[in-house]
Amino acid sequence: MKNKDHEVIIIGGSFSGLSAALTLGRMLRKVLIIDYAQPCNRNARSSQNFLTNDGESPLAIIETARTKLSKYSNVKLIYDLAVSIEKREDGFKVTTMAKEIFRASKLIYATGIKDHLPSIDGFHSCWGISAIHCPYCHGYEYRGKRTAILANGEAAINMTAIVKNLTNEVIILTDGPAELDQKQLNLLKKNNVPIIETSVEKLVHNKGQIEAVNFTDGHQIKIDVLYNSPACAQHSVLTNFLAIELTNNGLIKVDHSQQTTVPGIYACGDNCTAMRTISQAIFTGNLAAAKVNTELTDENFYSI
Ligand SMILES: Cc1cc2nc3c(=O)[nH]c(=O)nc-3n(C[C@H](O)[C@H](O)[C@H](O)COP(=O)(O)OP(=O)(O)OC[C@H]3O[C@@H](n4cnc5c(N)ncnc54)[C@H](O)[C@@H]3O)c2cc1C
């Protein structure tokens, strides 16, 4: 076991963590990034709606960010899993799966979230390719295509309303009895959106590209794309330590400067926002880092 000291440890080295590291690196802070290298969009072949990188592979964007960060010798990146956190008098102690121990005054959680994909045959293979969660990220690529929305209740209506801007061929799959009131049913009728309530059995696909949906009653519909917002949870067990508070939706509770409910621990990226985009992850990483830098400055410069 080794002991190493840093001013800031960033847990998670994807879009949000790397963004925080860049800001802190440029302020000469001694930073360690611990990353398990499982970004949530790793299955997607391309990533959209992020200025200057529209259409680029997400892993290529991360790789470019890492390469550019490597010029800041005060920023170190290791590939490991942080498994526990302890509060010490002078900061925090982080232990990793490889049994390394690191210490820092401040922590930034950039740990993302984990999607719990529906257990429908074929769904995993299509995830991020033709089974997608976000019309802003992937909708343009499927404009005008035969589109299914796997959702129920208000979520189905909300997603349909947005996706209808991109294609006229939209069908809702509620995968069980529809939970829609008469007003919602009238809205769907007015907008020519049919509903299928039969349970979904399988997504028929070719290398992740959906071709059809099979239902448990034996019938099939041809589609090109399926939208679904899977249930999600914190990617990391680290929120179990030190009683970091979560919101009712399971996101890390942060204030306007990305400070969690535990002083000295900040959070950024998907783990604390419902707006899951690369731009947002980068923005909040940048913000968290600036606030951490200010806090460190206050502690050093103004202490007598
Ligand atoms: C299928 C899919 C497609 C998407 N497409 C787009 C798109 O086209 N455009 C767009 O703008 N957005 C897209 N998004 C959203 C975008 O991917 C996320 O908003 C972004 O990845 C969030 O970045 P993040 O750094 O917060 O988390 P992530 O990218 O999920 O990274 C979190 C990192 O933290 C690591 N980690 C977690 N816990 C630990 C730990 N204990 N120790 C060490 N490391 C840890 C993980 O391994 C991972 O590397 C997509 C999302 C999905 C799921």
## Note on the structure
Considering residues that are near the ligand (Cβ under 9 Å from one of its atoms), closer than 17 Å to Gly285 by Cα and part of a loop (DSSP other than H, G, I, E, B), the number found within region 38-76 is 3
### Task
Within region 260-304, track down each residue that is touching a Ser or Thr at 6+ places or on another chain (Cβ under 6 Å) and open to solvent by 70 Å² or more (accessible area, probe 1.4 Å).
Asn286, Lys291
### Query
Does at least one position in region 136-159 carry a residue that is acidic (Asp, Glu) and either open to solvent by less than 60 Å² (accessible area, probe 1.4 Å) or over 24 Å from the mean Cα position of the chain (by Cα) (or both)?
no
### Odd one out for Ser125 among (1) in the same structural domain as Asn240 (by TED's automatic domain parsing); (2) in contact (Cβ under 8 Å) with a residue 60 or more places away in the chain
(1)
### Message
Need the failing condition index for Tyr79 against (1) hydroxyl-bearing (Ser, Thr, Tyr); (2) open to solvent by less than 40 Å² (accessible area, probe 1.4 Å); (3) within 13 Å of the ligand (Cβ to nearest atom), just the number.
### Response
(2)
#### Entry: Single residue of region 206-221 satisfying the filter (closer than 14 Å to Thr147 by Cα and under 30 Å from the mean Cα position of the chain (by Cα)) that is surrounded by the fewest Cβ atoms within 10 Å (Cβ to Cβ)
Gln209
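The values are calculated or read from the model by the stated rules, or taken from the named source; none is laboratory data. Since this is a predicted model, take the numbers as computed values, not measurements. Cβ: placed from backbone, ideal geometry, glycine included. Neighbour counts: every protein chain shown. What goes into the accessible areas is simple: the full protein's heavy atoms, side chains included, and nothing from ligands, DNA or RNA. Shrake-Rupley method; radii C 1.70, N 1.55, O 1.52, S 1.80 Å.
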